[in-house]
Amino acid sequence: MKILQKMLLVLLSLLIPLLLLLTSIRLLFNPLFLDLEYGLANFPPDEFGFTTADRLKWGKISLDYLTNTEGSEFLGNLRFKNGEPLYNERELSHMVDVKNLVQAGLKVWYGLLVLFGLMTLLSWRTKQIPQFWRAMSTGGWLTIGLIVAILAAVVIDFDALFAGFHAIFFQGDSWLFYTSDTLIRLFPLKLWSDAFIFMGVFTLVMAVIFALGGNRLAARKQKIG
């Protein structure tokens, strides 16, 4: 039983980076992020005519699609005032791929939250709380290393990082669009760059809390015990 517990704690340490990353990504799928981003003074205007109000309207609907249970018609039925579809077929196909990826990520995130809760309960029941907090601390340090690497990549060459990310999760050039396409007009590279930075900074802060707080709590519990 003790060997199994140790293995589970090691696994938990290894999964902490994924848990924190997915938590920060989940926060990004919030309309407030678009409110903040579109309101930035240096956010690039749409050269084809979208106002900030237009971007907020269509952007929030598109964001909602990624986390709801609706089919592609949710976006496919959207029309401009002149009757033209908001998204063309290529854009719709990509949004379906993105939704599938997001939904899979959410399932993993929920699973990790359940695992975290179960491990907390198991550690408490077996009086292994100090070991649990040390595992949290180890996971925090692992996350710090990962995030530092990601943020460095964002600063050095975000375009390469962005292209590499899409090459892993999407086939071929299905994620490439014209600057006149709605997806680019709503979600330009500036938005994605800021999203990566937010994800990195938020995850880094949480990782530091885990790394330092975990050790402190483990030492305190050990002393009390």
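The values are calculated or read from the model by the stated rules, or taken from the named source; none is laboratory data. Nothing here was measured: the structure is a model prediction, and the numbers come from that model. All Cβ positions, even for glycine, are placed from backbone atoms using ideal geometry, and neighbour counts span all protein chains on display. When the accessible area is computed, the model is the full protein with side chains, heavy atoms only, and any ligands, DNA or RNA have been set aside. Shrake-Rupley method; radii C 1.70, N 1.55, O 1.52, S 1.80 Å.
A simple spin-label model places pseudo-atoms 7 Å from Cα toward Cβ; at V208 and Q103 they are separated by 3.8 nm. In the chain, a dipole from Cβ-located charges (positive for Lys and Arg, negative for Asp and Glu) runs towards its positive end, and of T143, T120, S174 it is T120 whose Cα lies farthest in that direction. A simple charge model with +1 on the Cβ of Lys and Arg, -1 on the Cβ of Asp and Glu and nothing else charged puts the dipole of the chain at about 1900 debye relative to its Cα centre. Here N82 and F43 are evaluated by their C-beta separation; at R0 = 22 Å the FRET efficiency comes out at 0.30.
Hey, what number do you get for the chain at 222 nm if only DSSP H runs of n ≥ 4 count, each worth -39500 (n - 2.57), divided across all residues, to the nearest 500? Working shown, then result.
Details: 8 runs with 174 residues, N = 225.
Here the helix-only value at 222 nm equals -27000 deg cm²/dmol.
Label separation (L27 vs A53): 3.2 nm, computed from points 7 Å beyond Cα along the C-beta direction. Extension gain for the segment L4 to A167, taken as residue separation times 0.36 nm less the Cα-Cα distance, is 55.0 nm to one decimal.
Other residues with beta-carbon under 14 Å from the beta-carbon of N42 carry, at +1 per Lys or Arg and -1 per Asp or Glu, a net charge of -1. Averaged per residue, the stretch 101-143 has 57 square angstrom of accessible surface, using a 1.4 angstrom probe with ligands and nucleic acids left out.
For V155 and K127, the difference between the fully extended length at 0.36 nm per residue and the C-alpha to C-alpha distance is 5.7 nm. For the stretch 55-106, a crude dipole built from +1 on the beta carbon of Lys and Arg and -1 on the beta carbon of Asp and Glu, taken about the Cα centre, is about 280 debye to the nearest 20. Residues W141, W175, W58 ordered from highest to lowest accessible area at a 1.4 Å probe: W141, W175, W58.
Measure off, as a whole percent, the carbon and sulfur share of the 1.4 Å-probe accessible area of the stretch 70-199, all protein chains present. Using a 1.4 Å probe with all protein chains present, the stretch 70-199 comes out at 65 percent carbon and sulfur. Note on V108: accessible area approximately 70 square angstrom, rounded to 10, probe 1.4 Å, nucleic acids and ligands left out. Modelled label positions at I197 and L113, each set 7 Å beyond Cα in the direction of Cβ, lie 2.9 nm from each other.
So if I place +1 on the C-beta of Lys and Arg and -1 on the C-beta of Asp and Glu, and nothing else carries charge, what would the dipole magnitude of the stretch 138-225 be about its Cα centre? I want it in debye, nearest 20. Could the numbers behind the result be given before it?
Values: 6 positive and 5 negative charges, 167 e Å.
So the dipole magnitude of the stretch 138-225 works out to roughly 800 debye.
Our estimate of slack between D35 and I184, defined as 0.36 nm per intervening residue step minus the Cα-Cα distance, is 51.9 nm. Membrane-span-like helices in the chain, defined here as complete DSSP H runs extending at least 20 Å along the helix axis by their C-alpha atoms with mean Kyte-Doolittle hydropathy no lower than 0.5, are 2-28, 89-125, 129-169, 189-224; this is a sequence and geometry rule, not a statement about a membrane.
When a/c reaches 1.5 or more, the comparison of a/b and b/c decides; with that in mind, is the stretch 96-173 rounded, prolate or oblate per its Cα gyration tensor? It comes out oblate by the Cα gyration axes.
A dipole drawn for the chain from +1 and -1 charges on Cβ atoms has a positive end, and of L11, Q103, L75 the residue lying farthest that way is L11.
I'm checking a number: the convex hull volume of the Cα atoms of the stretch 83-225, normalised per residue, in Å³. What is it?
127
Remark: the stretch 174-179, residue by residue, has Karplus-estimated 3J(HN,Hα) of 5, 9, 8, 9, 6, 5 Hz, where x stands for each Gly or Pro and the curve is 6.51 cos²θ - 1.76 cosθ + 1.60 at θ = phi - 60°. Ordering L56, V208, S193 by the projection of their Cα atoms onto the charge dipole of the chain, which places +1 on the Cβ of Lys and Arg and -1 on the Cβ of Asp and Glu, puts V208 at the extreme positive end.
If I take every Cα pair under 8 Å that is 6 or more residues apart in the stretch 1-148, average their sequence separation and divide by the length, what percent do I get for the relative contact order?
Working: 88 pairs, mean separation 61.3, N = 148.
RCO, the stretch 1-148: 41 percent.
Using C-alpha pairs below 8 Å separated by at least 6 residues, the relative contact order for the stretch 113-225 is 52 percent.
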